[in-house]
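First the structure, in the form of structure tokens, and then the observations on it.
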Amino acid sequence: MPGWCLAGIVALALCTGVARAAIPGPDPNDAVLAATFDAPQQARDTAPTTATAEPSTGPLLPAIAPASQEDRMQELPREGEIVPLEETRRGPLTFSLTLLYMYGGVIGQLQTPVAHATASTSANRPTFDEIGISDANIGDGEFGVGWDNQQIFFGAQYNHMSGSSTLGRSLVSGGVTFPAHTHVNSDVRMDWYRLGYRYTFVLDTAPNNVPDLTLTPMIDAFYWDYGYSLDAGRIGHAGNSLQRWGFQLGGTFAWRPYGGRFSIEANLAAFPQNQRLATISTESVIMRYRFYQWRRYDFNVLLGVAWEQQYYNDHKVGAPNKISADFGTMLLTGIQMNF
């Protein structure tokens, strides 16, 4: 071998040794770095690398452990457990609309003189029965606006009755004489309109925080619209109409077992008789059931019995206007919407 070739090989070996000495080897205490140096190049190229997380500059949030199955089971109602009824959430003002229908018998009298002359009317006649009226179909509606435990309400009652009959004895009414055996047709109107205020006192509360025992006093003023007509064709026609004011004091006692969908209530309203005022008294026992609820609306069906008395006597000298009607026992049905 030529001498210059041997000198070149020796120089190359010396350079390689110096280069290897300049490059430090892997730290035997760093297992990850040592494994990286020892692994083949292809494995190093394809192996996933672990990125070092940058320190967070935001607030540290506590770690939330996922709910265990036991916790989730505790949130579900157990078998046989009574789930409290969820009450409808409404705003500061609440509204209600109640529609009622009542049907039942009626007795009473419609003494109607002319200028209070004794000869212009038969005493305490005619009665409802003798002019062919024995029952009444009454419609009643009420709209209320409430806040907290208070409510202002407006109501109206439609009560028109009609009948026909043959008189068993002579009758004088409205200055007209109707002989016995006369066939007559009758129409009677006893409508009234009311405006009032009520306040609810909570006497007891159910476990679901719903009042289950309440007492609600009320007061209202009403306008009474009375009309009377008795027609016998050629023989003659008698009629009269009166409009008077009146007042009512009363209240409602209600029981709603366990704050649930069903409730029962007793209602009473009356006022002392006065010759300048009409007198209307009402009594009822009503069962109420909430059958549907949607958003802020709920619907209730009502079923019960009712009684009503209307009375007016102006106590004029001679023959006064003396009108009385006693309705009941009446079947009551209805529906109520609260929103």
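The values are calculated or read from the model by the stated rules, or taken from the named source; none is laboratory data. What you see is a predicted model; the values in this text were computed from it and never measured. Glycine gets a Cβ as well: all are built from the backbone with ideal geometry, and neighbour counts include every protein chain shown.
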| request: Would you mind stating whether PHE153 is hydrophobic (A, V, I, L, M, F, W, C), exposed (fewer than 15 other Cβ atoms within 10 Å of the Cβ), under 25 Å from TRP224 (Cβ atoms) and within 47 Å of the chain's Cα centre (by Cα)? | output: no
| query | For segment 268-296, how many residues meet the condition of being surrounded by 13 or more Cβ atoms within 10 Å (Cβ to Cβ), touching a strand residue (DSSP E or B) at 6+ places or on another chain (Cβ under 7 Å) and more than 24 Å from ALA325 (Cβ to Cβ)? | reply | 4
| field | Residues that are over 30 Å from SER162 (Cβ atoms) and either touching a His at 6+ places or on another chain (Cβ under 7 Å) or among the polar types (S, T, N, Q) (or both), drawn from segment 178-212 | value | THR200, THR205, ASN208, ASN209
| remark: Of the conditions (1) modelled with pLDDT under 95; (2) part of a strand (DSSP E or B); (3) in contact with a helix residue (DSSP H, G or I) (Cβ under 9 Å, 6 or more places away or on another chain); (4) not hydroxyl-bearing (Ser, Thr, Tyr), the single one that GLY318 does not satisfy is (2)
| remark: In segment 290-310, anything within 28 Å of ALA270 (Cβ to Cβ) and not aliphatic (A, V, I, L, M) is listed as ASN300, GLY304, TRP307, GLU308, GLN309, GLN310
| query | Just checking, how many residues over segment 158-177 are assigned to a loop (DSSP other than H, G, I, E, B) and surrounded by 17 or more Cβ atoms within 10 Å (Cβ to Cβ)? | reply | 2
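Just the residues that are of a type outside the set (A, V, I, L, M, F, W, C) and touching a helix residue (DSSP H, G or I) at 6+ places or on another chain (Cβ under 9 Å), please, taken from segment 228-264.
Residue satisfying the conditions is SER263 alone.
Taking only segment 107-125 into account, find how many residues are in a strand (DSSP E or B) and on the phi > 0 side of the Ramachandran plot. Before the answer, list the steps.
Looking only at segment 107-125, we keep the residues that are in a strand (DSSP E or B), and these are 107-111.
From the residues that got through so far, the ones that are on the phi > 0 side of the Ramachandran plot too are 108.
So the answer is 1.
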| said: So the check is Cβ under 7 Å with 6+ separation or different chains; which pairs have a first residue in segment 310-322 that's on the phi > 0 side of the Ramachandran plot and a second one that's assigned to a loop (DSSP other than H, G, I, E, B)? | reply: HIS315/GLN275; GLY318/HIS116; GLY318/ALA117
| said: Suppose we filter segment 208-232 for residues that are more than 19 Å from the chain's Cα centre (by Cα) and in contact (Cβ under 8 Å) with a residue 40 or more places away in the chain; how many remain? | reply: 10
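Quick grid of which residues meet (1) small (Gly, Ala, Ser); (2) closer than 18 Å to TYR193 by Cβ:
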{"position": "GLN248", "(1), (2)": "no, yes"}
{"position": "TRP255", "(1), (2)": "no, no"}
{"position": "ALA269", "(1), (2)": "yes, yes"}
{"position": "GLN275", "(1), (2)": "no, no"}
{"position": "SER281", "(1), (2)": "yes, yes"}
{"position": "ARG295", "(1), (2)": "no, no"}
| task | Exactly one condition in (1) over 30 Å from THR94 (Cα atoms); (2) among the β-branched types (Val, Ile, Thr); (3) touching a residue at least 24 places away in the same chain (Cβ under 8 Å) is not met by VAL145; state its number. | result | (1)
| Among the numbered criteria (1) more than 17 Å from the chain's Cα centre (by Cα); (2) exposed (fewer than 14 other Cβ atoms within 10 Å of the Cβ); (3) not charged (D, E, K, R), which single criterion is violated by TYR258? | (2)
| remark: Checked segment 297-339 for anything exposed (fewer than 13 other Cβ atoms within 10 Å of the Cβ), within 22 Å of GLY174 (Cβ to Cβ) and β-branched (Val, Ile, Thr); matches are VAL317
| Given segment 182-279, what strands (runs of 3 or more DSSP E) lie entirely inside it while holding 3 or more residues that are among the small types (Gly, Ala, Ser)? | 211-231, 237-255, 262-270
| said: Here's a check for you: in segment 94-116, which residue that is surrounded by fewer than 15 Cβ atoms within 10 Å (Cβ to Cβ) and modelled with pLDDT under 95 is farthest from ASP129 (Cα to Cα)? | reply: ALA115
| With respect to the numbered conditions (1) in contact with a Leu (Cβ under 8 Å, 6 or more places away or on another chain); (2) modelled with pLDDT under 95; (3) not polar (S, T, N, Q), which one is the sole condition not fulfilled by ASP148? | (1)
